[in-house]
Amino acid sequence: MGDSTATADLDVALEKHRTELTGYCYRMLGSSFEAEDAVQDTLVRAWRSYEKFEGRSSLRSWLYRIATNVCLDMLTAGSKRARPMDLTDSTPLAQAALSPRPDSTWLEPMPDARVLPAVQDPAEAAVAKETVRLAFMAALQQLPPKQRAVLILREVLAWKASEVAELLGTTVASVNSALQRARATLAEHAAAGPEGAVSDPLDEEQQKLLERYVKAFEGYDMTALTALLHEDAVMTMPPFDLWLRGTADITGFMTTLGASCAGSRLLPVRANGLPGFAHYKPDPDKGGFSPWAVQILEISDGRITGFHCFLDTQRWFPLFDLPLHLEGEPDQDHKGQ
């Protein structure tokens with residue numbers, strides 16, 4: 001009887017750390033699914049070797065040590081996940097071609113609820129949010145795996161250099177030097193372009209911007225949409241490597257190759273610490289609406305600067321607990337809004 005109670009207690013104790021560990025593994029790996037696998041692996045390893053855990057450190061730091069080793073093992077292949085603009089130049093609309101690349105190429109979206117633990121401290125919550133944003137995640141991918149671990153543990157999770165050194169089995173001097181190099185790389189990456197702009201916690205003005213965006217998108221009103229986009233706004237559509245810059249190319253794409261999205265529906269989601277939407281487009285065969293993309297928006301100075309559409313709906317919609325079909329009449333529901 002005692003054993004089963006102890007087992008249940010251990011399960012609860014381990015489970016308490018799932019969200020923060022998923023956030024850590026997601027920042028390390030850039031993949032939502034790999035992060036969840038890594039955490040599952042971490043918790044199984046912890047469960048199996050719990051008898052050897054002598055309590056010399058806290059359960060939390062022991063779990064982070066296991067998770068770090070799991071992630072470093074997964075990263076040995078040197079894979080870096082990326083956004084389309086990290087790989088190629090933007091394409092003028094006239095030359096737009098949709099060529100997909102393998103899933104393992106792309107930085108993947110992640111629902112906030114799976115990676116942002118509930119914390120009381122607003123400053124801590126802000127750091128957690130900022131460090132899962134797409135631009136920051138893409139910059140992290142530029143770091144070698146060990147530097148990535150050091151930067152996340154020191155800057156995101158606020159561990160002391162001595163704690164990180166112990167976790168990685170190295171010296172404080174080597175942790176400090178790795179952190180310095182990692183910061184330099186991130187600073188270089190941040191200077192690379194306006195797509196690094198991110199939204200603050202949504203204020204009233206940003207909320208209104210999103211309402212106007214929904215109205216413009218669902219009404220497929222390109223004039224209204226142009227007014228909301230920054231002139232250098234970027235649109236991406238993984239798994240395709242095509243990306244577009246500027247309002248003319250974005251709206252041009254939407255009225256040509258993307259014309260079947262007219263009459264769509266958007267449902268709000270929270271992803272990567274940013275506002276987003278589940279995009280359903282009219283389904284001419286079944287009626288109602290079928291999933292088309294998870295959209296994540298970057299906002300800066302009252303304009304949308306990034307418009308990122310993740311198209312692999314069979315993977316993303318279940319991850320976000322979204323239905324795979326919406327009922328409704330495409331043409332009537334949004335008239336007169």
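The values are calculated or read from the model by the stated rules, or taken from the named source; none is laboratory data. Predicted, not measured: the structure shown is a model, and the values here were computed from it. Here Cβ is always computed from backbone atoms with ideal geometry, including for glycine, and neighbour counts include all displayed protein chains. SASA here: full protein model, heavy atoms, side chains in, ligands and nucleic acids out. Shrake-Rupley method; radii C 1.70, N 1.55, O 1.52, S 1.80 Å.
Within the range 300-314, being among the charged types (D, E, K, R) and open to solvent by less than 60 Å² (accessible area, probe 1.4 Å) holds for one residue alone: Asp312.
For the range 125-149, the candidate set comprises residues that are assigned to a loop (DSSP other than H, G, I, E, B) and open to solvent by less than 20 Å² (accessible area, probe 1.4 Å); within that set, the residue that is farthest from Leu297 (Cα to Cα) is Leu143. The criterion of at least 1 residues that are within 17 Å of Ala113 (Cα to Cα) and at pLDDT 95 or above is met, among strands (runs of 3 or more DSSP E) falling completely within the range 270-324, by 274-282, 289-300. Considering Thr255, Thr247, Thr236, the condition of being out of contact with any strand residue (DSSP E or B) (no Cβ under 9 Å at 6 or more places or on another chain) and of a type in the set (S, T, N, Q) is satisfied by Thr255 alone. Residues in the range 36-81 that are free of Cβ contacts under 8 Å to residues at least 40 places away in the same chain and aromatic (Phe, Trp, Tyr): Trp47, Phe53, Trp62.
Taking the range 150-266 and the helices (runs of 4 or more DSSP H) fully enclosed by it, the elements with 2 or more residues that are touching a helix residue (DSSP H, G or I) at 6+ places or on another chain (Cβ under 7 Å), open to solvent by less than 70 Å² (accessible area, probe 1.4 Å) and over 20 Å from Gly306 (Cα atoms) are at 161-168, 172-190.
A residue that is out of contact with any Lys or Arg (no Cβ under 9 Å at 6 or more places or on another chain), farther than 26 Å from Ala184 by Cα and open to solvent by less than 50 Å² (accessible area, probe 1.4 Å) occurs somewhere in the range 62-84. One residue stands out among those in the range 1-52 that are of a type in the set (Val, Ile, Thr) and either open to solvent by 30 Å² or more (accessible area, probe 1.4 Å) or touching a Ser or Thr at 6+ places or on another chain (Cβ under 6 Å) (or both): the one that is farthest from Phe136 (Cα to Cα), which is Thr5.
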